[in-house]
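The values are calculated or read from the model by the stated rules, or taken from the named source; none is laboratory data. Please read all numbers here as calculations on a predicted model, not as lab measurements. Methodologically, a virtual Cβ is constructed for each residue, glycine included, from the backbone with ideal geometry; neighbour enumeration extends over all protein chains shown. Only protein heavy atoms, including side chains, enter the accessible area calculation; ligands, DNA and RNA are left aside. Shrake-Rupley method; radii C 1.70, N 1.55, O 1.52, S 1.80 Å.
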Amino acid sequence: MTLADAAIAWYDTNARDLPWRTPSTTPWGVLVSEVMLQQTPVIRVEPAWRSWMTRWPNPAALAADPASEAIRMWGRLGYPRRAMRLHACAGAIVERHGGRVPDDLDQLLALPGVGTYTARAVATFAYGQRHPVVDTNVRRVVSRAVEGKPDAGPATTTADLVAMASLLPEDVPRAARASIAFMELGAIVCTARSPKCVDCPFHDVCAWRLSGTPLPAGPSRKPQRYAGTDRQVRGLILEVLRHTTGPVPRQRLDQVWTDEIQRTRALTGLLEDGLVEPLGPDNFVLAGDTPRAEVQQLF
DNA sequence: CACTCGTGGCC
DNA sequence: TGGCCAAGAGT
């Protein structure tokens, strides 16, 4: 019995009942879920995904609305650039692929906001293809079960893909199922902080456990600060804009943070990212909220 | 390769 | 309390 076999058998009875896993979910639904799940926990994605899919059941629907609506609907999922990229992604799908989410890996990779992981996840989970799909969960599971290391080091995409590829069954449908099974295992059993080894299907063969589950030597990755960073200030500025439909005066945005240098840097960043647009010299709107008439006045 | 980019919950 | 972590992508 291979690791993939054990993972699939475990998944068959332990998988969570997530809405984007139902057979009726479209490739678009899978794509939306994957983008939302980039660095955001499942528990917060679930309601957002339902709302999103109700409002924009296909790429054409999203592409027809301004980016500002996508940014608002994104709410507090975090990293709002993802909302903008998903909006751009919808536009690209309409223009390049007639509104259908492509099933080709390279075509998926060419879409905004779709990287190595997401392209493979969509090709595998939406279209049932056979590709190694490597996220942080899979890297941790493979690192422990196969290599005996307590945690995966920094992501090394090519090596990670090769490692996972060697574990995939030849049978295509089973390969796809093995991929989601490895991810699920890392998400709910082989977790970063308190792994539940007694529940693990790899219990008797895991290299890490057989060597006594040694603790990590140091922090598994660089600590991420938030308080006082530009990210926090950007978040505060965007928070104001999300809740306003009309132009927001610079003076209003000045109230979110006292340090002018940092405030300016944050706003400049948002403008460079295209999340925010200037409306005249001293007003700002969410990207895409620019009224047509006002645009005319600028020229 | 190293760094940036939100937000919230948990131990 | 606060560091740590969460289905990454882009530069």
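Candidates A:53, A:36, A:1: the one that is modelled with pLDDT under 95 and either touching a Gly at 6+ places or on another chain (Cβ under 6 Å) or within 28 Å of residue A:163 (Cβ to Cβ) (or both) is A:1.
The requirement of being more than 16 Å from DNA strand C (Cβ to nearest atom), assigned by TED's automatic domain parsing to the domain that holds residue A:8 and open to solvent by 40 Å² or more (accessible area, probe 1.4 Å) is not satisfied by residue A:214. Of all the listed residues (A:124, A:116), the sole one being touching a Ser or Thr at 6+ places or on another chain (Cβ under 7 Å) and crowded, with 21+ Cβ neighbours inside 10 Å is A:124. For segment A:251-276, a tally of residues being surrounded by 15 or more Cβ atoms within 10 Å (Cβ to Cβ) and not β-branched (Val, Ile, Thr) returns 10. Of all positions in segment A:137-144, at least one carries a residue that is within 8 Å of DNA strand C (Cβ to nearest atom) and touching a Gly at 6+ places or on another chain (Cβ under 7 Å). Can you find a residue in segment A:229-243 that is open to solvent by 30 Å² or more (accessible area, probe 1.4 Å), more than 15 Å from DNA strand B (Cβ to nearest atom) and out of contact with any Ser or Thr (no Cβ under 8 Å at 6 or more places or on another chain)? Scanning segment A:229-243 turns up no residue that is open to solvent by 30 Å² or more (accessible area, probe 1.4 Å), more than 15 Å from DNA strand B (Cβ to nearest atom) and out of contact with any Ser or Thr (no Cβ under 8 Å at 6 or more places or on another chain). Based on what the data block shows, is residue A:121 in the same structural domain as residue A:171 (by TED's automatic domain parsing), modelled with pLDDT of 95 or more and either closer than 20 Å to residue A:97 by Cα or away from DNA strand B (no atom under 16 Å from the Cβ) (or both)? Considered against the rule, which asks whether it is in the same structural domain as residue A:171 (by TED's automatic domain parsing), modelled with pLDDT of 95 or more and either closer than 20 Å to residue A:97 by Cα or away from DNA strand B (no atom under 16 Å from the Cβ) (or both), residue A:121 comes out as no. Does residue A:140 qualify as being over 30 Å from residue A:284 (Cα atoms), open to solvent by 20 Å² or more (accessible area, probe 1.4 Å) and outside any loop (DSSP other than H, G, I, E, B)? Yes; evaluated as a whole, the condition is true for this residue.
Within segment A:12-29, does at least one residue satisfy the condition of being aliphatic (A, V, I, L, M) and within 16 Å of DNA strand B (Cβ to nearest atom)? Taking every residue of segment A:12-29 in turn, none turns out to be aliphatic (A, V, I, L, M) and within 16 Å of DNA strand B (Cβ to nearest atom). I'm trying to understand the selection: among the residues of segment A:143-154, which are modelled with pLDDT of 95 or more and surrounded by 20 or more Cβ atoms within 10 Å (Cβ to Cβ)? Once the filter is applied, which keeps residues that are modelled with pLDDT of 95 or more and surrounded by 20 or more Cβ atoms within 10 Å (Cβ to Cβ), segment A:143-154 yields A:143, A:144, A:145. If you go through segment A:155-198 and pick out every residue that is more than 17 Å from residue A:11 (Cβ to Cβ), open to solvent by 60 Å² or more (accessible area, probe 1.4 Å) and more than 16 Å from DNA strand C (Cβ to nearest atom), you end up with 4.
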